[in-house]
Amino acid sequence: MEAVKKITLNKISKIILIAIVGTLLLTISAKIKIPFYPVPMTMQTFIVLFLGIVLGPKIGLLTVSLYLFEGIFGLPVFAGTPEKGIGIIYFTGPTMGYLIGFLAAVYLAGTFEYKKGIVINFLKLIFSVSLIYILGLIWLGILIGWEKPLFKLGAQPFLLAELFKILLLVFLTPSLLKLKKLIKIT
């Protein structure tokens, strides 16, 4: 019985450590702006999909949930914080739908199996990242009105950057799968 408790405690400790490291990656990826056309990009969606591939749906979802809770409770982890506010006020602003979309995307990306098919892996990641934009645009429509050019405002400027990030992930997938095996939680 003592051995079972020790194994469980070790497993829980490892999961918590992995989730904290994941939230650090998300925070760093939110803060660094990379010059890109037509708008600067962050690597947040890249890290969300990366976490899904490497951690799987459950621990990936836990990690992104922890990240969102950190931001909701006032830690300056989101892309526009602290300059544009912090906490629940920032969270419920224009980016809330995208942030909630991170949950759907990490879970979906984590459920897929990534085999050697580059095109199939590309489509899986496109579908996963699309959830971020679908939920983001829905919230944006609720917030600013459906008569506004939502796609032009909330998705179009980022499409080229998303394509770049997904292509990068597709080519990194074999290495990411090795990393997944290395940190496997059993």
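Since every read-out is calculated from the coordinates, none of them should be taken as a lab result. Bear in mind that the values here come from a model prediction, so they are computed numbers and not experimental data. Positions of Cβ are generated from backbone atoms using ideal geometry, with glycine treated the same way; all protein chains shown enter the neighbour counts.
Does a label point 7 Å from the Cα of residue 58, set along Cα-to-beta-carbon, have any residues of region 7-28 with amide nitrogen under 14 Å, and which are they? The answer is 8-9, 11-16, whose backbone nitrogens lie closer than 14 Å to the label point. Charged side chains reduced to their Cβ positions (Lys and Arg at +1, Asp and Glu at -1) give region 2-182 a dipole of some 620 debye around its Cα centre.
Extension gain, residue 164-residue 92: 0.36 nm per intervening residue step, less the Cα-Cα distance, totals 23.1 nm.
With the simple spin-label model, which puts each label point 7 Å out from Cα in the Cβ direction, the residue 120 to residue 36 separation comes to 2.7 nm. Dividing the mean sequence gap of close Cα pairs (under 8 Å, 6+ apart) by how many residues the chain holds gives a relative contact order of 25 percent.
For region 48-87, the set of chymotrypsin sites (Phe, Trp or Tyr not before Pro) satisfying both a DSSP loop assignment and a count of at most 10 other C-beta atoms within 10 Å is empty. Once Cα extents along the principal axes in Å is calculated for the structure shown, the corresponding label among [x] 43, 37, 35; [y] 61, 40, 27; [z] 57, 37, 26 turns out to be [y]. If R0 is taken as 35 Å, the Cβ-Cβ distance between residue 144 and residue 28 corresponds to a FRET efficiency of 0.75. Distances between placed amide hydrogens fall under 5 Å for residue 41 paired with 34, 36, all partners being 5 or more residues away or on another chain. Note on residue 73 and residue 21: their simple-model spin labels are 2.2 nm apart, each label 7 Å out from Cα toward Cβ.
Of all lysines in the structure, those lying under 30 Å Cα to Cα from residue 14, and not within fewer than 8 positions of it along the same chain, are 5, 6, 31, 58, 115, 116, 124, 165, 178, 180, 181, 184. A run of the chain free of exposed loop cleavage sites, with GluC sites (Glu not before Pro) counted only in DSSP states other than H, G, I, E and B and at most 15 other beta carbons within 10 Å, reaches its longest extent at 1-82.
The listed peptides 137-144, 56-63, ordered by packing as a protection proxy, come out as 56-63, 137-144 (highest mean of other Cβ atoms within 10 Å first).
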